[in-house]
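Colleague: Below is one structure. I have some questions about it.
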Amino acid sequence: MKRLVFLVLTLLAAGLFTVVAADKKDREMMQNERTAAVAANTELAIFAGGCFWCMEPPFEKLTGVLSVTSGYTGGQKLNPTYNEVSAGGTGHTEAIEIVFDPSQISYPQLLEILWMNIDPTDGQGQFVDRGNQYRSGIFYLNEEQRLLAEESKQALEKSGRFDKPIVTEIVPASTFYPAEEYHQDYYKKNPLRYKFYRYNSGRDRFLDREWGEERLNK
């Protein structure tokens, strides 16, 4: 009996190890691809706006955006997993890393798209997703990005579009960890599940109310 139990546990452990090893390999491959994509004459932008599934589409369609990667940033946990981040306690938030060609699209233009896809007045999460792990944020990589982000945030505040304070944080970028492969381009891989989630999240109803045709024309 002990031998049988030991055999079963060994097989389960081996299977778990294989899954973990495969996931680690996938994430390492994504990291290498991202590194290769950040070539000469390109720049990075890191934004957070709640569920990263919903943050990829509006940026991926833009001319000049070369890639958008879902991941985690802003926290202390090394190599966090989706389960760890979504449970809270890691300090990380779901985020996206954008590789773009500044000769085709500027950082201020990316900021404009960010504002049109989040609720910048919500400091407790985004839409149906609650908690610090879903906070919105701009993670600047240099002083120029910081100044442009602050200027953009101030302009939004002065516009009077929202009747609440703009609370989206602007902080220095820290290590960005790519999310597991199945999260990348989730809206393409699982369109029905994505549309069901997005509709029920309330995101589009909020954005349509605040931005209307202005958002749709971007």
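The values are calculated or read from the model by the stated rules, or taken from the named source; none is laboratory data. Note that the structure is predicted; figures quoted are calculated from it, not measured. Cβ placement follows ideal geometry from the backbone for every residue including glycine, while neighbour counts extend to all protein chains displayed. The accessibility values were calculated without ligands, DNA or RNA, using every heavy atom of the protein model including side chains. Shrake-Rupley method; radii C 1.70, N 1.55, O 1.52, S 1.80 Å.
Colleague: Mind ranking 61, 189 by accessible surface for me, highest first, 1.4 Å probe?
Modeller: From most exposed to least exposed: 61, 189.
Colleague: Measure off, as a whole percent, the carbon and sulfur share of the 1.4 Å-probe accessible area of segment 145-199, all protein chains present.
Modeller: That fraction is 56 percent.
Colleague: Taking θ = phi - 60°, what integer Hz values does the Karplus form 6.51 cos²θ - 1.76 cosθ + 1.60 yield along segment 99-109, in sequence order, with x for Gly and Pro?
Modeller: 9, 9, 9, x, 7, 10, 8, 9, 4, x, 5
Colleague: Using the C-alpha atoms of segment 162-218, what convex hull volume per residue, in cubic angstrom, is computed?
Modeller: Per residue, the Cα convex hull of segment 162-218 comes to 143 Å³.
Colleague: Averaged per residue, what accessible surface does segment 102-218 expose to a 1.4 Å probe, in Å²?
Modeller: The answer is 54 Å² per residue.
Colleague: Also, quick follow-up: Name the shape class, rounded, prolate or oblate, that the alpha-carbon gyration tensor gives for segment 87-218, where a ≥ b ≥ c are the square roots of its eigenvalues, rounded holds for a/c under 1.5, and otherwise prolate holds if a/b is larger than b/c and oblate otherwise.
Modeller: Rounded is the answer for segment 87-218, as its axis ratio a/c remains below 1.5.
Colleague: When the chain is fully extended, how far beyond the present Cα-Cα distance does residue 150 get from residue 162, taking 0.36 nm per residue of separation?
Modeller: Result: 2.6 nm gained on full extension.
Colleague: Measuring from label point to label point, each 7 Å out along Cα→Cβ, what is the residue 128 to residue 182 span in nm?
Modeller: Once both label points are built, they end up 1.8 nm from each other.
Colleague: Convert each backbone phi in segment 192-197 into a coupling constant with the Karplus relation 6.51 cos²θ - 1.76 cosθ + 1.60 (shift: θ = phi - 60°), then list the ³J(HN,Hα) values in order as whole Hz, x for Gly and Pro.
Modeller: Using θ = phi - 60°, the values come out as 5, 5, 5, 5, 5, 5 Hz.
Colleague: Got a sec to turn the phi values of segment 123-131 into Karplus ³J(HN,Hα) couplings, 6.51 cos²θ - 1.76 cosθ + 1.60 with θ = phi - 60°, whole Hz, x for Gly and Pro?
Modeller: x, 10, x, 9, 6, 6, 8, 10, x
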